[in-house]
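Q: Shown below is the structure under consideration.
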Amino acid sequence: MKKTNVLLTGASGTVGFEALQQLLQKDYFNVTAFDKKTKLSTEKLAPFKNQITLIYGDITNPKDLENIKDVDAVIHLAAIIPPLADEMPELAHNVNTKGTQNLIQQLEAHSPNAFFMYSSSISVYGDRIENPYIHIGDPLIPSEGDAYAETKIKAEQAVQNSQLNWTIFRLAAIMGNHKMSKLMFHQPLNTALEIATPRDTARAFVNAIENETAVAKQIFNLGGGETCRISYEHFLERSFAIFGLGKLDFPEHAFADKNFHCGYYADGDVLEKNLNFRQDTLEDFFAMEAEKVSSIKKMAACIFKKPVKWYLLKQSEPLEAWQNNDKKLKQHFFNLQ
Ligand SMILES: O=c1ccn([C@@H]2O[C@H](COP(=O)(O)OP(=O)(O)O[C@H]3O[C@H](CO)[C@@H](O)[C@H](O)[C@H]3O)[C@@H](O)[C@H]2O)c(=O)[nH]1
């Protein structure tokens, strides 16, 4: 039987690395991994170099894509995600939108029958504090200044306008190896949060390869479902306890009131019915997180929790805006009277 040639972009990323390992568990896939050459990607992908075709390159440069040929299925994950996407919106546009267009062009020319699976994001729906139950047909209204969401919307359009067969998954909050950053304070504490673990997310893409007809030419919300829902405040409380950081005792105005994203996917079960990708619950996620924290690390965090929380709080842009009475930024982050 002829093997399916799968191209995986962003193979060393949080979702990509899970997808790579899952693809390699099946013997009917020939995997080509495309990624940017960085210290991290080299380290993570080196152990697989005998099992895959490895192409290092920059997706913004069409020349780097020239060796991509005879592909049957594509899992396109290479992207600049927040917070970097917010700090460097032009780079995000080049990689996320133009890079996707470049890849589509290469595939249209050399793999016109390829099935293109695109990873979009829940950020495209914008602020859903008032109305947290999200459906696929809801309007796409990114939060003010959310360059990342804009790049994802444009890339979605490029995918839909392509000559290829395609599917688009709008990923919920993917909780994985992402570092804590200033984004932590951009998200209002009363945000309705539905997570999906990287391995469940990857499984959806991998299972879609064999279920192309069921998902082709459609857009889906991809989340962990009812067992993966929590408020952001409770999510942080649980995480702080796991890391030995004690209570979530930040001052008023540390967290924004608005202009972020996330919510509950009201129609997320549709993708699950098609692809049967969910295995993890929130409790599994917290158990995995707890396993990552050694007792020594937890003890150190416990001893140093005050300076650690002070350091985190220093990164709160909402609090900084409030303290500086920066009218524009206060307006951006808070519901003012
Ligand atoms: O110019 C670049 C920048 C990044 N990458 C690669 O892209 C991947 C990004 O991974 P990561 O930053 O860990 O992102 P994830 O959290 O895995 O993001 C996934 O989930 C997001 C939605 O939550 C989607 O927007 C992304 O496309 C999808 O990869 C990595 O392999 C990078 O090396 C490139 O190939 N070229």
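The values are calculated or read from the model by the stated rules, or taken from the named source; none is laboratory data. On a predicted model such as this, the values are computed, not experimentally measured, just so you know. Heads up, the Cβs are rebuilt from the backbone with ideal geometry, glycines too, and the neighbour counts pull from every protein chain shown. Surface accessibility is based on the protein's heavy atoms, side chains included, excluding ligands, DNA and RNA. Shrake-Rupley method; radii C 1.70, N 1.55, O 1.52, S 1.80 Å.
Q: Looking at this structure, is N94 within 19 Å of the chain's Cα centre (by Cα) and more than 24 Å from R229 (Cα to Cα)? I'd like the intermediate steps shown before the answer.
A: Working: within 19 Å of the chain's Cα centre (by Cα): yes; more than 24 Å from R229 (Cα to Cα): yes.
Yes: the conditions hold for N94.
Q: Let me ask something else about it. Residues in the stretch 244-261: is at least one modelled with pLDDT of 95 or more and part of a helix (DSSP H, G or I)?
A: Within the stretch 244-261 (the criterion being modelled with pLDDT of 95 or more and part of a helix (DSSP H, G or I)), the answer is no, since none of the residues qualifies.
Q: Output the residues belonging to the stretch 227-255 that are surrounded by fewer than 17 Cβ atoms within 10 Å (Cβ to Cβ) and in contact with a strand residue (DSSP E or B) (Cβ under 7 Å, 6 or more places away or on another chain).
A: Hit for the stretch 227-255 is S231, nothing else.
Q: Still on this structure, I have one more. K26 - would you say it is within 9 Å of the ligand (Cβ to nearest atom) and either farther than 18 Å from A78 by Cβ or open to solvent by 40 Å² or more (accessible area, probe 1.4 Å) (or both)? Walk me through it before giving the result.
A: On the way: within 9 Å of the ligand (Cβ to nearest atom): no; either farther than 18 Å from A78 by Cβ or open to solvent by 40 Å² or more (accessible area, probe 1.4 Å) (or both): yes.
No, not satisfied.
Q: Taking the options L103, L45, L40, name whichever one is free of Cβ contacts under 8 Å to residues at least 40 places away in the same chain, within 12 Å of the ligand (Cβ to nearest atom), open to solvent by less than 30 Å² (accessible area, probe 1.4 Å) and assigned by TED's automatic domain parsing to the domain that holds L20.
A: Details: L103 fails: free of Cβ contacts under 8 Å to residues at least 40 places away in the same chain; L40 fails: open to solvent by less than 30 Å² (accessible area, probe 1.4 Å).
Of the residues listed, the single one that is free of Cβ contacts under 8 Å to residues at least 40 places away in the same chain, within 12 Å of the ligand (Cβ to nearest atom), open to solvent by less than 30 Å² (accessible area, probe 1.4 Å) and assigned by TED's automatic domain parsing to the domain that holds L20 is L45.
Q: Within the stretch 167-184, track down each residue that is more than 10 Å from the ligand (Cβ to nearest atom) and open to solvent by 20 Å² or more (accessible area, probe 1.4 Å). Before you say what the answer is, go through the steps one by one.
A: Step one: list which residues in the stretch 167-184 are more than 10 Å from the ligand (Cβ to nearest atom), which gives 167-168, 179-184.
Once the filter is applied, which keeps residues that are more than 10 Å from the ligand (Cβ to nearest atom) and open to solvent by 20 Å² or more (accessible area, probe 1.4 Å), the stretch 167-184 yields K179, M180, S181, K182, L183.
Q: Please specify each residue of the stretch 55-82 satisfying the condition of being assigned to a strand (DSSP E or B) and either of a type in the set (V, I, T) or within 12 Å of the ligand (Cβ to nearest atom) (or both). Step through it out loud before you land on a result.
A: To start, the set of residues in the stretch 55-82 that are assigned to a strand (DSSP E or B) comprises 55-56, 73-76.
I55, Y56, V74, I75, H76, listed by residue number.
Q: Turning to a different aspect of this structure: Being crowded, with 21+ Cβ neighbours inside 10 Å, closer than 21 Å to A204 by Cα and not small (G, A, S) is true for just one of I153, I136, I122. Which residue is that? Please lay out each step first, then the result.
A: Details: I153 fails: crowded, with 21+ Cβ neighbours inside 10 Å; I136 fails: crowded, with 21+ Cβ neighbours inside 10 Å.
Result of the check over I153, I136, I122: I122.
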